[in-house]
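One structure is given here, and the rest of the page talks about it.
Just so you know, all these numbers are worked out from the coordinates, no wet-lab data involved. Owing to the predicted nature of the structure, the values given are computational and were not obtained by experimental measurement. Note that each Cβ is placed from the backbone with ideal geometry, even for glycine, and that neighbours are counted across all protein chains shown.
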Amino acid sequence: MPEEIRLETTPEELPEFIQALREKELAEQHGFCDATAVEREDTLEIVYRFSLIARPVQVSVHTQVPKAKPVVPTLTHLYKGLLWAEREMAEMFGITFTDHPDPRHLLLPDDWQGYPLRKDYVYPLDHPYLAPDPLHEDPMKALCPPGQVGDENQ
Amino acid sequence: MTEFTPGTSEERLVNMGPQHPSTHGVLRVALRLDGEKVLGADPDIGYLHSSMEKIAEKLEYRQYVSYSDRFDYLNAMGNEFCYVRAVERLLGVEVTPRCEHIRVIMAELNRIASHLLYFGAISLDTGATTPFLHTFRERELCLDLFEWASGQRLLYHYFRIGGLRNDLPDGWADKLYQVLDLLPQRFEEYDDLLTRNRIFVGRTRDVGAVSADQALSYGLTGPSLRACGVPYDLRKLDGYSIYPELEFEVCVEQGGDCYSRHLVRTRELRESVKLIRQALDKLPEGEVNVPLPRKLKPEPGEVYERVESPRGEVACYLVSDGSEKPWRMHWRGPSFYNLSALDLMCTGHWMADVVAIIASTDIVLADVDR
């Protein structure tokens, strides 16, 4: 079982906090591990994880951002693995990472509305990807609308 | 999504995928090319996104085990291992020694099956068909054993919270011993066919190299990281389950290129055979299941459980609010971070090398997209 070190900071101080961490807990060889978000009562908690290589130690940094205005400075200049992790959090939770070099959607289509991993998310059933497919409802009608194919033979 | 924009006369954008035999699933890579030289590779993922994390919030803990098979489908046993360990730690449940041994045997056998598929895939992608047929012949032996024990050939649903679906069938261990006797000879054959093949070495050596610092910054794990000289193997480092009782070596290579990644996997195949043999030799008698209540309600809290999959560190981050369903479940897919370094690995190489690089990272796209 790895030893877990849990640290907390505020979103404003995050880059300086991680920089300082690299001279203390993360002074030896370590790797970026994972980053994700968890919805709490009225905040979103962002969790960054790092693993030491030589010892079974895991460092997690937790920070809370208000749900109404979730803005965090990006850390992609420190760990390249966050390039994708932050893009995923941005589209799934609606968190804005300021100065992210590539703020496009990662997994979802470009025109996707809403933030699917939030608890209050409602599935957009009118979206073309989720709307009922006419082909499933009545294949003959969908493939051969009246007055087009084969009508001259009837 | 990368759009086509007219560049200079020399620079053009070429789409590789989404439907391409060498992308191992549904992956689109937008390649920026100058002639045949790669100037940049932008992976476009999400084609297999299936909301695994959102689904978890709607299901009870026991119902999710079969979902955990389905993202890294080549390592279904390993994912179940990670998930059931996470829930058991949340519940404070200890499983029986026999169960732990069988779990490790299954996870390592699955590692062999997964590496054999990798071996076949990279041989096809670098232009050799024969090794593919050979490795699939031996992978079949592993899948037959899985089918015999669990009833399934790909998505097993064999691990349960607090135990296993059933104990090993009669005669299963003897058959496994026969397979273990056969496999090391066959691994030598594969190395003759592919690993020591001049064309293969030429296609993969010094291609797609990353340094240890870059690999750690991108969050690379598994063979991709160990090929850079970093001895990061959770089986040794964390020593979870019964791994501390077993003898094995962490396979490390120094080059960081496609060939080093390949060498790490060929050596890991042999280590897995050693591990299974040891676990099988000391397989204790006894029950495989511990009794648990019908409704699982863990205390509020969170766990982050990580295990070593054939592709790297797979981890389940589970947050419980004390109800029957998880409040939040997050999966760290090793392929997700391994693929994010594709641009770094491909830039500066030839277009034909992209295929070798994708194959050598051994990604599973369902694991990338989850």
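Build a GNM of chain B with springs between Cα atoms under 10 Å apart, and of B:151, B:256, B:171 the one that fluctuates most is B:171. The C-alpha atoms of chain A define a longest principal axis, and helix A:82-93 lies at about 60 degrees to it.
Between residue B:206 and residue B:130, the C-beta separation translates, for a Förster distance of 22 Å, into a calculated FRET efficiency of about 0.35. All Cα-Cα separations within the protein assembly as shown were binned at 10 Å from zero, giving a P(r) of 4, 18, 28, 26, 16, 6, 2, 0, 0, each value a whole percent of the pairs.
Annotation note: trypsin sites (Lys or Arg not before Pro) in region A:2-45 located in DSSP loop regions with a Cβ neighbour count of at most 15 within 10 Å are A:22, A:24, A:40.
Counting beta carbons within 10 Å around each of B:335, B:260, B:217 and listing the fewest first gives the order B:217, B:260, B:335.
Please work out the ratio of the alpha-carbon Rg of region B:141-267 to 2.2 N^0.38 Å and round it to two decimals.
On the way: Rg = 18.1 Å, N = 127, 2.2 N^0.38 = 13.9 Å.
That ratio works out to 1.31.
With an 8 Å Cα cut-off and a minimum separation of 6 or more residues, compute the relative contact order for chain A in percent. Before the final figure, lay out the partial values.
Values: 204 pairs, mean separation 27.7, N = 154.
So the answer I get is 18 percent.
Rounding to the nearest 10 and keeping the result within 0 to 90°, find how far the Cα-based axis of helix B:258-281 lies from the longest principal axis of chain B. Result, in degrees: 10. For region B:312-353, chymotrypsin sites (Phe, Trp or Tyr not before Pro) meeting the loop criterion (DSSP other than H, G, I, E, B) and having at most 10 other Cβ atoms within 10 Å: none. Charged neighbours of residue B:345, selected by a Cβ distance under 11 Å, balance to -2 (K, R count +1; D, E count -1).
Counting only other chains, and only Cβ atoms inside 10 Å, what mean value do you get across the residues of A:31-41? Walk me through the numbers before you get to the answer.
Numbers: counts 14, 6, 9, 12, 3, 7, 2, 6, 4, 3, 0.
Mean partner-chain Cβ count within 10 Å for A:31-41: 6.
Modelled this way, with points 7 Å down the Cα-to-C-beta line, the labels at residue B:287 and residue A:129 are 4.6 nm from one another. Each listed q (0.15, 0.19, 0.27 Å⁻¹) maps to a log10 I(q)/I(0) for region B:31-109 from the Debye sum over equal C-alpha point scatterers, namely -0.68, -0.89, -1.31. For chain B, the mean residue ellipticity at 222 nm estimated from helices alone is -14000 deg cm²/dmol, where every DSSP H run of n ≥ 4 contributes -39500 (n - 2.57) and the total is divided by all residues, rounded to the nearest 500. Using a cut-off of 21 Å between alpha-carbon atoms, which lysines can reach residue B:325, once sequence neighbours fewer than 8 places away in the same chain are excluded? Correct list for residue B:325: A:119, B:54, B:58, B:295, B:297. Residue B:50 sits among other residues whose Cβ lies under 15 Å from its own Cβ, and their net charge, with Lys and Arg +1 and Asp and Glu -1, is -3.
Bridgeable lysines around residue B:274 (alpha carbons under 24 Å apart, same-chain partners fewer than 8 residues away excluded): B:175, B:236, B:282.
Loop-resident GluC sites (Glu not before Pro) (DSSP state other than H, G, I, E or B) in region A:1-73 with no more than 14 further Cβ atoms inside 10 Å of their Cβ: A:12, A:13, A:23, A:28, A:41.
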